[in-house]
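The values are calculated or read from the model by the stated rules, or taken from the named source; none is laboratory data. Not measured: the values here are computed from a predicted model. Glycine also receives a Cβ, built like all others from the backbone with ideal geometry; neighbour counts cover every protein chain displayed.
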Amino acid sequence: MENIIKAERLKKNYSSFNAVNGISFAVKKGEIFGLLGPNGAGKTTTIRMLTGILKPTEGEVHIGKYNIQKESMEARQIMGIVPEMADAYIDLSAIRNLLLTGELYGIEKEKSIKKAENLLKMFHLYEKRNQKVKTFSKGMKQRLILAMALMNDADILFLDEPTSGLDVESVRLIRDLIRKFNQEGVTIFLTTHNIKEADLLCDRVAIMNYGKIMAIDRPEMLKSVIKKTSSVEVAFKNLVEEKVFNFKEIIEVKKMGDKFQLYGNKMEDIILFLINHSQKTNNEIISLKILEPSLEDIFVKLTQKNENF
Ligand SMILES: Nc1ncnc2c1ncn2[C@@H]1O[C@H](COP(=O)(O)OP(=O)(O)O)[C@@H](O)[C@H]1O
Ligand SMILES: [Mg+2]
């Protein structure tokens, strides 16, 4: 498949601070592509450069055949954008907001009304279409903003943290609709700090931290990194020393207050080892938890990996 988004050596400095540090990647037509990273990673800065809202310090962006800097008007015609801090006009009704967006895109009135009503139904807002947006919950507002971005039949949808901080129902509906529009041929570029979201939605994910892309891969490949960073947290009744954990399957030991966090690949073996130790020394295990690796664990892992090469 052809590339529909192409970023080359993109860089953004805010005075002397380097928010995005020379990243390159391409998104294929029809993909759901996620930019995954913690707060401050540079995701919003990146998406704002991709959509032509922010001028890069260096580098280039192509949207389809258009250079976003030089041909932003043409490029905008095929893009729908949901910014991080997006807002609708709160003193207008939901349908007025959509029709206004339609006007902005120069869509003919009849067509605009049909389109708006259709989107309101899809986003479960039809019953509330004549209500002022200021009465809407955060989830309802975000659904409306997404609907607004879809008024012009975009080929590519840019979503900056589309489900962050929303209620469970809105999150589910938004994810379902992202998939649905993607199936109908819309390329999706989204940012998220939520690894589960990236896993659930994306064909490919770029992991970003400190303004750099650490890895680009399919979620399943990222998960194989996760597996390698599984850990067990254990606390014994009588305090033990770190050297107790001298066992071939334990790769790393971290002391966390009165507990220890043990990293390794074979959790079952590590747990058996701990139970054995407990019985042998007559020292009761008072807590034992298998910890899901955090996003941070993966970043640490990936950063280490990069440094080693
Ligand atoms: N307008 C700005 N001026 C100065 N620093 C900024 C500005 N916008 C963002 N930053 C900084 O750039 C870094 C990346 O920010 P951002 O792109 O918003 O990250 P993310 O969306 O991943 O949370 C952060 O350290 C942030 O504080
Ligand atoms: Mg952001």
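Which one is modelled with the lowest pLDDT, of the residues in segment 270-296 that are touching a strand residue (DSSP E or B) at 6+ places or on another chain (Cβ under 8 Å) and closer than 18 Å to SER224 by Cβ? First the steps, then the outcome.
At the first step, the residues of segment 270-296 found to be touching a strand residue (DSSP E or B) at 6+ places or on another chain (Cβ under 8 Å) are 270-271, 273-275, 278, 283-291, 293, 295.
Okay, now just the ones that are also closer than 18 Å to SER224 by Cβ, so 290-291, 293, 295.
Details: ILE290: 87, LEU291: 82, PRO293: 66, LEU295: 61.
Across segment 270-296, the extreme among qualifying residues is LEU295.
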Would you please name the residue that is modelled with the lowest pLDDT, looking only at residues in segment 162-192 that are part of a loop (DSSP other than H, G, I, E, B) and within 14 Å of LYS141 (Cβ to Cβ)?
-> GLY165
Might you check whether a residue that is modelled with pLDDT of 95 or more, under 20 Å from THR192 (Cβ atoms), in contact with a helix residue (DSSP H, G or I) (Cβ under 7 Å, 6 or more places away or on another chain) and crowded, with 16+ Cβ neighbours inside 10 Å occurs anywhere in segment 42-54?
-> yes
Kindly check whether there is at least one residue in segment 108-117 that is modelled with pLDDT of 95 or more and part of a loop (DSSP other than H, G, I, E, B).
-> yes
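Yes/no matrix, rows are residues, columns are (1) hydroxyl-bearing (Ser, Thr, Tyr); (2) surrounded by 20 or more Cβ atoms within 10 Å (Cβ to Cβ):
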site	(1), (2)
ALA94	no, yes
THR101	yes, yes
GLU117	no, no
HIS124	no, no
LEU146	no, yes
ALA149	no, yes
LEU159	no, yes
ARG175	no, no
ILE188	no, yes
Can SER231 be described as closer than 30 Å to ALA198 by Cα, among the hydroxyl-bearing types (Ser, Thr, Tyr) and within 22 Å of the chain's Cα centre (by Cα)?
-> no
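Every residue, every condition in (1) without any contact (Cβ under 8 Å) to a residue 60 or more places away in the chain; (2) of a type in the set (D, E, K, R); (3) within 16 Å of ligand 1 (Cβ to nearest atom); (4) over 23 Å from ARG179 (Cβ atoms), yes or no:
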{"position": "ILE4", "(1), (2), (3), (4)": "no, no, no, no"}
{"position": "ARG9", "(1), (2), (3), (4)": "yes, yes, no, yes"}
{"position": "SER16", "(1), (2), (3), (4)": "yes, no, yes, yes"}
{"position": "VAL20", "(1), (2), (3), (4)": "no, no, yes, yes"}
{"position": "ILE23", "(1), (2), (3), (4)": "no, no, yes, yes"}
{"position": "ILE32", "(1), (2), (3), (4)": "no, no, no, no"}
{"position": "LEU36", "(1), (2), (3), (4)": "no, no, yes, no"}
{"position": "LYS43", "(1), (2), (3), (4)": "no, yes, yes, no"}
Report those helices (runs of 4 or more DSSP H) wholly inside segment 1-104 carrying at least 2 residues which are over 28 Å from LYS134 (Cβ atoms).
-> 43-50, 72-76
Would you mind telling me which numbered condition in (1) under 23 Å from ARG218 (Cα atoms); (2) away from ligand 2 (no atom under 13 Å from the Cβ) GLY37 fails?
-> (2)
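Matching residues to (1) crowded, with 16+ Cβ neighbours inside 10 Å; (2) of a type in the set (A, V, I, L, M, F, W, C); (3) under 13 Å from GLY64 (Cβ atoms); (4) touching a helix residue (DSSP H, G or I) at 6+ places or on another chain (Cβ under 8 Å):
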site: GLU2; (1), (2), (3), (4): no, no, yes, no
site: ILE5; (1), (2), (3), (4): yes, yes, yes, yes
site: PHE25; (1), (2), (3), (4): yes, yes, no, no
site: GLY37; (1), (2), (3), (4): yes, no, no, yes
Restricting segment 193-211 to residues that are part of a strand (DSSP E or B) and within 16 Å of ligand 1 (Cβ to nearest atom), the one surrounded by the fewest Cβ atoms within 10 Å (Cβ to Cβ) turns out to be ASN209
Within segment 78-95, track down each residue that is away from ligand 1 (no atom under 16 Å from the Cβ) and out of contact with any Ser or Thr (no Cβ under 8 Å at 6 or more places or on another chain).
-> ILE78, GLY80, ASP87, ALA88, TYR89, ILE90, ASP91, LEU92, SER93, ALA94, ILE95
Out of (1) over 21 Å from ALA206 (Cα atoms); (2) in contact with a Pro (Cβ under 7 Å, 6 or more places away or on another chain), the one GLN131 does not meet is (2)
